[in-house]
1. How much area per residue is accessible in the range 80-152 when the probe is 1.4 Å and only protein heavy atoms are counted (Å²)?
2. If you take the square roots of the eigenvalues of the alpha-carbon gyration tensor of the range 1-43 and sort them as a ≥ b ≥ c, do you get rounded (a/c under 1.5), prolate (a/b over b/c) or oblate?
3. Among DSSP bridges having both ends in the chain, what percentage is antiparallel? Round to the nearest 5.
4. How large is the accessible surface of Asp14 in square angstrom, using a 1.4 angstrom probe and rounding to the nearest 10?
5. Counting only protein heavy atoms, what percent of the accessible surface of the chain is carbon or sulfur at a 1.4 Å probe?
6. For Ile29, what is the net charge nearby, where nearby means another residue's Cβ is under 14 Å from its Cβ and Lys, Arg count +1, Asp, Glu -1?
7. If the only charges are +1 at each Lys and Arg Cβ and -1 at each Asp and Glu Cβ, what is the size of the charge dipole of the chain around the Cα centre, to the nearest 20 debye?
8. For Ala44, enumerate residues with amide H under 5 Å from its amide H, sequence gap 5+ or separate chain, H modeled in the peptide plane.
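The values are calculated or read from the model by the stated rules, or taken from the named source; none is laboratory data. All values derive from a computational prediction rather than experimental measurement. Note: ideal-geometry Cβ built from the backbone for every residue, glycine included; neighbour counts use all protein chains shown. Accessible surface is based on the protein model in full, side chains and every heavy atom, while ligands, DNA and RNA are left aside. Shrake-Rupley method; radii C 1.70, N 1.55, O 1.52, S 1.80 Å.
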Amino acid sequence: MQPLNPEFIRRGLDAAIEQAEKSWREGGIPIGSSLLDANGKVVAAGHNMRVQNGDPTAHAEVSCVRNAGRRRDWRSLALVSTLSPCPMCSGTAILFKVPRVVIGEHRTYMGAEGWMRANGIDLTVVDDTRCIALMERLQREKPDLWAEDIGE
């Protein structure tokens, strides 16, 4: 698989970060996600809505996939997330056979990256300082909310 070009990654990550910041402003968890088509067009975006909706399954990637609606082109899309996807969100990418996942950062939390790779998903970890700062702020300012989000 060809490496993603930097502009493609930037476009997807900027959209995901915008969503993460929106969630934080709403009092939620600052994790965002976007879906891009093969041309790098953002076709959907979403953010963690657990707090806002009282829905424990409303993680950013799941919200993004819900916002994408019914599609037949999952195998040509790339999922971008500000944070390494948890097992539920990784399972969503695996279920829909999304071939690429771009991860903003995995220093503050390492999701199910091995499981995605084992299922043929190409991962790109960006190690973006904006994504790291969002999660460090959450962990510092709202540690109980973060613990709840990851099931602790």
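1. Per-residue value: 48 Å².
2. prolate
3. 55
4. Per-residue accessible area (Asp14): approximately 50 Å².
5. Here carbon and sulfur together make up 49 percent of the probe-accessible area.
6. Value of the local net charge: -4.
7. It works out to roughly 560 debye.
8. The list, which skips near neighbours in sequence, is Leu35.
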